[in-house]
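Note sheet for the following structure.
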Amino acid sequence: LNFLPEAKQRRKAIETKEIYAPIANRLGIHWLKSELEDLSFLYLRPVLYQQIQEKFELSHEKRDAFINRTTEDIVKLLEESGVSASVKGRVKHFYSIWQKMEKNNLTFEEIHDLLGFRIVVPTVRACYETLGIMHAAWKPVPGRFKDYIAMPKPNMYQSLHTTVIGPDGQRIEIQIRTPEMNKVAEEGIAAHWRYKEGGNQRGFDLKWVSELVETQQFLKNPDEFIQSVKGELFPEDVFVFTPRGDLIRLPYQATPVDFAYAVHTDVGHRTSGSKVNGTIVPLHYELENGDTVEIITDKNHVPSKDWLNSVRSTKAKQRIRAFLKSEEQAKSRTIGEEILAKDLRKVKLSLKKIEKSGELLKAAKELGFKNEQDLYAEIGYGKIAAAKVVSKVLPEGTDVEEKLKRKSSPLQRIFQRAARASRQKVGVKVSGLDDILVRFAKCCEPLPGDRIVGFITRGRGVTVHHADCAQVHGMDPQRFVYVDWDVDIRASRRVKITVHSQDQRGLLASVSKAITDQGGDIKSAQIKTTEYEKALITFEIELEDSLQLRNITRAIEMVAGVIKVERIRQMSSSFDIDD
């Protein structure tokens with residue numbers, strides 16, 4: 001990646017972090033997952049990567065001595081109890097350290113569980129004996145024990161995990177497993193084959209792979225497929241039961257609606273209520289391991305778009321969106337037909353007559369549509385103006401625009417002027433559509449220079465999203481329209497950022513200088529202190545484009561005492577997505 005342009009470096013690093021590292025994790029190849037995450041971290045957050053690396057190098061001698069001493073202590077404890085074991089100490093990789101810093105808003109010095117120890121013992125029984133010995137020797141940290149032997153991960157990973165307050169009051173993570181489990185943990189699912197003798201060679205669960213194949217066949221849009229893959233690759237699952245006792249695996253935080261679609265699409269579509277462990281619960285209820293779920297159906301019930309806010313499984317999201325899309329298309333065809341009929345009446349033509357004569361079908365094909373129904377849908381979505389269709393069925397040389405303009409109302413003319421003004425204000429061009437309102441999505445708030453897409457929102461014009469916005473992947477592809485930045489218009493934008501830092505004298509001045517040195521115009525600044533001698537500084541900055549924002553972010557990260565920098569985005573409204 002060193003020799004690629006910066007934009008390509010970032011794109012490849014994001015792809016690696018969000019796709020390839022989770023695939024390695026789902027296959028159980030943890031060493032590869034860690035290496036891919038660290039590489040992507042190096043290119044996505046180079047300043048932070050370097051800072052962590054430098055701090056590691058400063059303390060490596062002391063850390064290595066602690067690992068060696070603790071390893072000897074563990075071996076001695078186990079030998080005294082008659083347990084034969086192999087013990088290995090390790091340091092967490094950089095990306096996982098940064099994740100912990102980010103999640104808990106900590107500095108490197110405040111991370112107390114950087115070290116982990118892996119204990120390999122001969123049998124499963126010995127695993128649990130070893131766990132008892134460790135807990136007897138050192139105080140376990142509440143809530144940090146996980147039994148992946150009794151409940152393996154979907155990638156066949158098995159191990160006992162615990163965190164204890166070890167020597168010198170240092171927190172250490174301990175993993176306990178058998179040689180077979182260790183091989184699977186290091187080499188992934190494929191290693192499981194070598195330990196199975198006779199019988200069914202497909203004893204492990206690769207259902208998620210077949211689900212991804214089904215997803216790929218179901219989704220024609222590659223962006224939607226990638227988004228769904230990302231959602232399926234993270235292996236935090238819950239296991240629930242049907243009333244008959246069948247086990248169903250669902251994603252973490254899954255709801256009864258996810259369960260219903262896992263049973264059958266028709267059950268999902270007709271879901272009107274649910275019971276968990278015999279008690280009626282709302283459809284957005286989050287299921288837990290061991291729940292018994294019963295679905296109440298109604299043949300007259302249909303999916304709600306609100307379900308998309310709570311479901312977690314890719315299958316449920318796909319089936320709900322497909323149903324809503326078919327309903328939306330039917331509605332758009334009806335609206336498009338009404339709009340075209342109205343414009344035709346303005347030039348004294350009948351829609352039914354030109355349909356019957358075949359003129360409308362001919363016009364539809366000239367405009368690139370298979371039939372009249374597809375044409376109606378596109379008019380209803382707002383992707384093609386009815387005037388273009390009218391011009392195809394009128395005699396050549398007729399000034400359609402003038403004819404329709406004379407018949408337009410004062411309100412329509414006001415709307416057209418407002419649409420032109422909105423395009424000037426936001427600095428975005430919409431392909432093929434002139435008189436249409438344009439606004440930025442609040443969920444992602446793209447800046448000039450970002451890759452963007454336009455989404456036609458009925459009654460509200462075109463909403464411009466960042467091309468990588470998570471909301472985009474759930475939208476109807478038929479309502480997308482090509483948009484681009486108008487290079488002739490320099491429209492500045494305001495953004496808000498939050499700087500997480502140490503509470504130290506002079507830091508506000510240093511951060512402000514970093515912003516202004518990069519050409520940012522600070523409109524407001526608010527600072528508040530938090531516990532543990534931390535500070536939060538919120539800036540509103542006026543700037544020109546995304547490149548300037550990246551430069552400002554990097555400059556702030558270089559200021560001593562700064563922990564991280566985040567851009568604040570407003571919450572999206574349902575109008576951005578569904579209307």
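Annotations
- Residue count, the stretch 242-268 (criterion: in contact with a helix residue (DSSP H, G or I) (Cβ under 6 Å, 6 or more places away or on another chain) and in a helix (DSSP H, G or I)): 7
- Restricting attention to the stretch 277-316, the residues being closer than 21 Å to P243 by Cα and assigned to a helix (DSSP H, G or I) number 1.
- Boolean, Y381 is modelled with pLDDT of 85 or more and either assigned by TED's automatic domain parsing to the domain that holds D476 or touching a Lys or Arg at 6+ places or on another chain (Cβ under 7 Å) (or both): no
- Qualifying positions in the stretch 300-341 - of a type in the set (S, T, N, Q) and within 19 Å of H264 (Cβ to Cβ): N300, S304, S313, T314, Q318, S326
- Matching residues in the stretch 480-518 - criterion: being under 32 Å from the mean Cα position of the chain (by Cα) and surrounded by fewer than 12 Cβ atoms within 10 Å (Cβ to Cβ): V487, R490
- Strands (runs of 3 or more DSSP E) enclosed by the stretch 443-491 - at least 2 residues per element that are in contact with a Phe, Trp or Tyr (Cβ under 7 Å, 6 or more places away or on another chain): 452-457, 461-466
- The condition (being free of Cβ contacts under 8 Å to residues at least 24 places away in the same chain and surrounded by 17 or more Cβ atoms within 10 Å (Cβ to Cβ)) is satisfied by just one residue among A13, A21: A21.
- Taking every residue in the stretch 360-372 that is in the same structural domain as A385 (by TED's automatic domain parsing) and pairing it with any residue that is surrounded by fewer than 11 Cβ atoms within 10 Å (Cβ to Cβ) and outside any helix (DSSP H, G or I), at least 6 positions away or on another chain, the pairs with Cβ-Cβ distances below 8 Å are A364/K370.
- Residue in the stretch 319-370 that is surrounded by the most Cβ atoms within 10 Å (Cβ to Cβ), counting only those that are among the aliphatic types (A, V, I, L, M) and within 37 Å of the chain's Cα centre (by Cα): I320
- Residue match in the stretch 310-320 (condition: of a type in the set (G, A, S), in the same structural domain as D246 (by TED's automatic domain parsing) and in contact (Cβ under 8 Å) with a residue 60 or more places away in the chain): yes
The values are calculated or read from the model by the stated rules, or taken from the named source; none is laboratory data. In this text the structure is predicted, and so the values were computed from the model without any measurement. As a convention, Cβ positions derive from the backbone with ideal geometry for all residues, glycine included, and neighbour counts pool all protein chains shown.
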